[in-house]
Amino acid sequence: AAVINVTYVDAKGPGFVTVFPSGTSRPNASNLNKVGSGPVPNLVTVRIGVFGAVSVYNSGAPSELIGDLAGYYTLAPTGGATGATGPTG
C-alpha cells in the first residue's frame, strides 16, 4: 500500500477526489472533498493496483491535484518473522 498526501489547489468549484488501486472499479467514496478553491490536503492510504499504480478520480469542477508519496507498506517476509523490526521491534 502507498501513503500519499493528496492536495487540491485552484478548484473551480465543488466536487471530490477518490484515490483507488489501478485496475479496480472506483469505489463509491471520496478521500478528499473539494470546498473552496484550496489548497486542502488529506493523507490517503491506498492499496497498490495493476502495474504498481494507483488511479485518481476528480469529480465535479476542474482543479489541480498534487500527490506526495509519504511512505509505503510491504508484505512481511515469508521466513515467519512478523511485527516491527529494529531497536524497538
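The values are calculated or read from the model by the stated rules, or taken from the named source; none is laboratory data. The shown structure was predicted, so the numbers you read here are calculated from the model rather than taken from an experiment. A quick note on method: Cβ atoms are made from the backbone with ideal geometry, for glycine too, and the neighbour counts reach across all protein chains shown. Calculation scope for accessible area: heavy atoms of the full protein, side chains included, ligands and nucleic acids excluded. Shrake-Rupley method; radii C 1.70, N 1.55, O 1.52, S 1.80 Å.
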### Message
For segment 1-12, which positions are open to solvent by 20 Å² or more (accessible area, probe 1.4 Å), farther than 14 Å from ASP68 by Cβ and over 10 Å from the mean Cα position of the chain (by Cα)?
### Response
ASP10, LYS12
### Task
Give me a count of the residues in segment 17-59 that are outside any loop (DSSP other than H, G, I, E, B), open to solvent by 60 Å² or more (accessible area, probe 1.4 Å) and among the hydrophobic types (A, V, I, L, M, F, W, C).
4
